[in-house]
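The structure under discussion appears below in the form of structure tokens.
The values are calculated or read from the model by the stated rules, or taken from the named source; none is laboratory data. Everything quoted here is computed from the prediction, not taken from an experiment. Cβ: placed from backbone, ideal geometry, glycine included. Neighbour counts: every protein chain shown.
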Amino acid sequence: MSMLVSVFVLASPLQEALPAAVKATVDKYGGSIESTESYEDDEGKTVFDVEIKKDKFTYYLTIAEDGKLIAEEKEEAVEEGDEDTDGDW
């Protein structure tokens, strides 16, 4: 007896709005997409800024329309309650 198992991966609406090449770059990071923004650079090419949260980190990616990673910033996410609210270090 054989069993057929289907696995569905649901893409977020933010991910669905990205071109396939940009999605492929984003998929390498995993995590959840928090925001996306697209704009034209100085040469008139479309560029995408994507914010991804994964584990304890937030990644800020700048990706060309062809999927090439232009820039990446990574910062450790601050957990609620861990913020310095009184201004003292």
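Taken over segment 32-74, the criterion of being out of contact with any Phe, Trp or Tyr (no Cβ under 7 Å at 6 or more places or on another chain) and farther than 15 Å from Val22 by Cβ is satisfied by Ser32, Glu34, Asp42, Glu43, Gly44, Lys53, Asp55, Lys56, Phe57, Thr58.
Being modelled with pLDDT under 95, in contact with a strand residue (DSSP E or B) (Cβ under 7 Å, 6 or more places away or on another chain) and exposed (fewer than 12 other Cβ atoms within 10 Å of the Cβ) is true of Glu37. The selection criterion, being at pLDDT 90 or above and over 15 Å from Asp66 (Cα atoms), holds for Lys53.
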